[in-house]
Number of protein chains: 2
Amino acid sequence: MIPYELIRKKQGGAAHTPDEIRWLLEAFTSGELPDYQMAAWLMAVYFQGMDPGERQVLVEAMIDSGRRLDFSHLDGYVADKHSTGGVGDKVSLVLGPLVAACGVYVPMISGRGLGHTGGTLDKLDAIPGFRTSLDLETFERQVAEVGICIMGQTDDICPADKQLYALRDVTATVGSVPLIAGSIMSKKIAEGIQGLVLDVKWGSGAFMGSLAEARELARVLVETGAAFGVDTVAHISDMNQPLGRSAGVWCEVREAVAALEGDGPADLVELSLFLASEMLRLAGRDDPQREVQDALASGRAREKLDEMVAAQGGDPAALADSRLYRPAVTVALQAPRSGYLSAVDTYRCGMALITAGAGRRAKSDLLDPSAGFDLNVRLGDQVVAGDEIGRCYGSRDDRVQAAAQELLETLAFSDEPVELAPLIVE
Amino acid sequence: MIPYELIRKKQGGAAHTPDEIRWLLEAFTSGELPDYQMAAWLMAVYFQGMDPGERQVLVEAMIDSGRRLDFSHLDGYVADKHSTGGVGDKVSLVLGPLVAACGVYVPMISGRGLGHTGGTLDKLDAIPGFRTSLDLETFERQVAEVGICIMGQTDDICPADKQLYALRDVTATVGSVPLIAGSIMSKKIAEGIQGLVLDVKWGSGAFMGSLAEARELARVLVETGAAFGVDTVAHISDMNQPLGRSAGVWCEVREAVAALEGDGPADLVELSLFLASEMLRLAGRDDPQREVQDALASGRAREKLDEMVAAQGGDPAALADSRLYRPAVTVALQAPRSGYLSAVDTYRCGMALITAGAGRRAKSDLLDPSAGFDLNVRLGDQVVAGDEIGRCYGSRDDRVQAAAQELLETLAFSDEPVELAPLIVE
């Protein structure tokens, strides 16, 4: 294969043969194909796309670069959920224990936050003692014994994707539907799951800014899952404002725990219960809604969280300790004018989290677990100038002050009442 | 500047600020900007283009990366010609001495052949003793004393272009109009010329396959020249068949000498005289056509070639030595059928030259100066099956045999007479 010819081919809009895609991936991961040629090819893919056949081979090649787990020996259904990322999204921490408490196995390989989006792993890492780096054998054993394990990507799972993602991240080729789909689906399929529920976000805090883009990504993800024999459903949910009341690191853990204790914000609870019941529906359960309601109301889901935390070396008591990560600095956010909250630049809310210390600009950045913000108003709410509409907090005064200022700038108010979009679009 | 943001900007189709383009070039040449980010940016430029302002800054930045020559102390007009490349194009070897013989100074920095196109430098290198690597002082002195000097690009002239071209060459981003224009014009403007005549080729052996593409490139080249105060005219000429009768290395030198001795093929002579007279027209001469005719007929142009060869260390007697580089192997080409020559895949003629040994696949390939081919038929000519329509030659039997076969496959014949396109389109 001649790399130049393959770049030319994609540049001209043609489809690659399966052998060409496999060769590109293998030559790239082995170092035979230099980064600059892969970067040119990725940008050509960004502009020219990939057809269904190409996308399937890409996913296959990424899975084949590592191990594919196998849970077929278990006595129950095996499923996972994936969200395309946003601000304040702590659904996994609520939904995982809920679904596991209902007897569906949840082998969840999760990620860290980067840029404006948060990551489940960062929140779990803040639980004292909790281990998110496990070998695959430990992971598999815990899934079988506890029913759920959440850990980070290992070198055994889709190493080609890991290497490719690092290059996409610095060449502005992350936002390409076939590449996003390849990256998400290869990792999920390698988990050895039978069912997958996708939460595709759209709006000001999502990678897909428009509903049309979100629908296109959802379509491609479902198609890819089906091609690999995984029952896949995708729903589209609203990310035009942060999910829940709190966004940050430890404050999100606290909010997830509150939700599991029956005291969560309405949007977080609604989305978590809905996606959890979808996983049960894929598992063939007769009355999925009732089952997740019962698991929540009975406290079994809350217990499952403690069980998972303990199994991964964490201290369950920390989840209830209100003194842990108490922020040194808190700045109140006051409504700059009277009116209805009409828009939130949620992407910039995520960037304000970086300023506060709860987000990463570069992979090597360390997080301040005490940092974050609460927003007590939601789109459509009416406020009076001077009302306390939220708080920003963390350990460094200058950063929290700056983040509070940035946050206020993300909010727009109008004199007229605002029409609200549904949380779960479809 | 954040490279990621600059790639995103071009990817989205926006125009860069002058500072952004300068930073990209400087960071790339200094090694601060890694190849893979530059490759992604180049591919984004390929798809999104550059506006006139961006193109001008690109050329400026490439010139500023090295030295810009200054011939303003000379007592005459300073001009050059550039062709976008093709097969059998030895116009520079005819036109350069012609124009210099008419008293216009010609500081010509030329290139080597790569891929299907030949390069003037390779032909000059074949002249025993001839030096094409000179320092800029020697170059400037010879232009002043002899009126013409042809040498290769040095590290002093547009080093940024040299480095960028190497990356474009392996990332399939050579064929982008703003990048082609930037590369050509920066080097020509850095020569310190007052006038520039461009020969933009179109057709089966040109980089621009269609007339529309050739016109677009011509337009951008002229606009760029004007922006830098260089009198620039662009003509479009036909490259749907090799120029002249011979293509290769030494055979092209011989054909150029023949043309200067009044015995050249009609197309080569027509194009050389036309472009030479255009240079004289830019210099403000009253009757350019007559002047170049006189320089040719009087033998002064032929003498100027000897003068230049001698000044650059070459042996003028070699030009007349018919035993030099006599090919060890010659294979006759026979018309495979009767009919009219209706099409020549000139790109593949150039690739056949690589097979014969007269072209380069990689920059490091060595050339066989005796290799090449003669084609005695031109588009529209009628042949009878079995007619000897040309010859292929070189030093290695296997390569010449294979090249001859490839050459025959580039020719298409029809039963009907063929409509001919003009050599000089506009």
### Summary
Given the candidates A:H73, A:L24, A:C102, the one whose Cα lies deepest towards the positive end of the charge dipole of chain A, counting +1 at each Lys or Arg C-beta and -1 at each Asp or Glu C-beta, is A:L24
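Which shape class applies to the stretch A:329-414: rounded if a/c is under 1.5, otherwise prolate when a/b exceeds b/c and oblate if not, where a ≥ b ≥ c are the square roots of the Cα gyration tensor eigenvalues?
prolate
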### Message
Could you give each residue of the stretch B:87-101 its phi-based ³J(HN,Hα) in whole Hz, using Karplus coefficients 6.51, -1.76, 1.60 with θ = phi - 60°, and x for Gly or Pro?
### Response
10, x, 7, 10, 4, 4, 5, 8, 5, x, x, 4, 5, 5, 5
### Task
Rank A:L420, A:L124, B:G115 by how far each Cα sits towards the positive end of the charge dipole of the protein assembly as shown (+1 on Lys, Arg Cβ; -1 on Asp, Glu Cβ) and give me just the farthest.
A:L124
### Helix axis angle, A:346-356 relative to chain A longest principal axis, alpha carbon, degrees
80
### Simple spin-label estimate for B:A402 and A:R219 in nanometres, 7 Å along Cα-Cβ
4.8
### Message
With every protein chain kept in place and ligands, DNA and RNA left out, what is the accessible area per residue of chain A? Probe 1.4 Å, answer in Å².
### Response
38
### Query
Hey, for B:G76 with labels 7 Å out along Cα-Cβ, what do the inter-copy distances come to in nm, ordered shortest first?
9.3
### Summary
Over chain B, the sum of -39500 (n - 2.57) across DSSP H runs of at least four, divided by residue number and rounded to 500 deg cm²/dmol, gives at 222 nm -14000 deg cm²/dmol
### Message
For a quick check, take a GNM of chain B with Cα springs below 10 Å and name the residue from B:S133, B:S83, B:S414 with the largest mean-square fluctuation.
### Response
B:S414
### Query
Which angle from 0 to 90°, rounded to the nearest 10, does the C-alpha axis of helix A:177-190 make with the longest principal axis of chain A?
90
### Threshold 30 Å² - residues in the stretch B:155-192 whose accessible area is reduced by that much or more when the chain is no longer isolated, probe 1.4 Å
B:V170, B:T171, B:A172
### Message
Quick check: the angle from helix B:52-64's long axis to the longest principal axis of chain B, C-alpha only, nearest 10 degrees?
### Response
80
### Task
Output the relative contact order of the stretch A:79-320, whole-number percent, from Cα pairs under 8 angstrom with separation of 6+ residues.
31
### Query
What percentage of the solvent-accessible surface of chain A, computed with a 1.4 Å probe over protein heavy atoms, is contributed by carbon and sulfur atoms?
48
### Query
Inter-copy label distances at A:P52, 7 Å along the Cα→beta-carbon direction, one decimal in nm, shortest first?
4.8
#### Entry: Total charge dipole magnitude, the stretch A:79-320, about the Cα centre, Cβ charges on Lys, Arg, Asp, Glu only, Debye to nearest 20
360
### Message
Residues of the stretch A:8-51 losing 50 Å² or more of accessible surface, assembly versus chain alone, probe 1.4 Å, please list them.
### Response
A:Q11, A:Y36, A:M43, A:F47
#### Entry: Largest to smallest accessible area among A:H73, B:H16 [probe 1.4 Å]
A:H73, B:H16
### Message
Can you tell me which aspartates and glutamates have their Cα less than 14 Å from the Cα of B:K304? Leave out same-chain residues fewer than eight positions away.
### Response
B:E145, B:E261, B:D294, B:D315
### Hull shadow area, averaged, the protein assembly as shown [alpha-carbon convex hull, nm²]
42.9
### Query
Among B:G359, B:G284, B:G103, which one moves the most in a GNM of chain B with springs linking Cα atoms closer than 10 Å?
B:G284
#### Entry: Cross-link partners of B:K363 among aspartates and glutamates (Cα-Cα below 13 Å; sequence separation of 8 or more within a chain)
B:D122, B:D169
### Heavy-atom accessible area ranking, 1.4 Å probe, most first, across B:K187, A:K90, A:K363, A:K162
A:K363, A:K162, B:K187, A:K90
### Task
With unit charges on the beta carbon (Lys/Arg positive, Asp/Glu negative), name the residue among A:Y347, A:L411, A:I389 whose Cα is farthest towards the positive pole of the charge dipole of the stretch A:347-426.
A:Y347
### Message
If I stretch the segment between B:D169 and B:R290 completely, what's the gain in nm (0.36 nm per residue apart, minus their alpha carbon distance), one decimal?
### Response
39.4 nm
### Query
Equivalent-ellipsoid semi-axes (√(5λ), Cα gyration tensor) for the stretch A:237-300, whole Å, largest first?
23, 15, 8
#### Entry: Total accessible surface hidden between B and A, rounded to 100 Å², 1.4 Å probe
1700
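The values are calculated or read from the model by the stated rules, or taken from the named source; none is laboratory data. Source: prediction; values computed, not measured. Because the Cβ atoms are built from the backbone with ideal geometry, glycine has one as well, and the counts that use them run over all protein chains shown. Accessible surface is based on the protein model in full, side chains and every heavy atom, while ligands, DNA and RNA are left aside. Shrake-Rupley method; radii C 1.70, N 1.55, O 1.52, S 1.80 Å.
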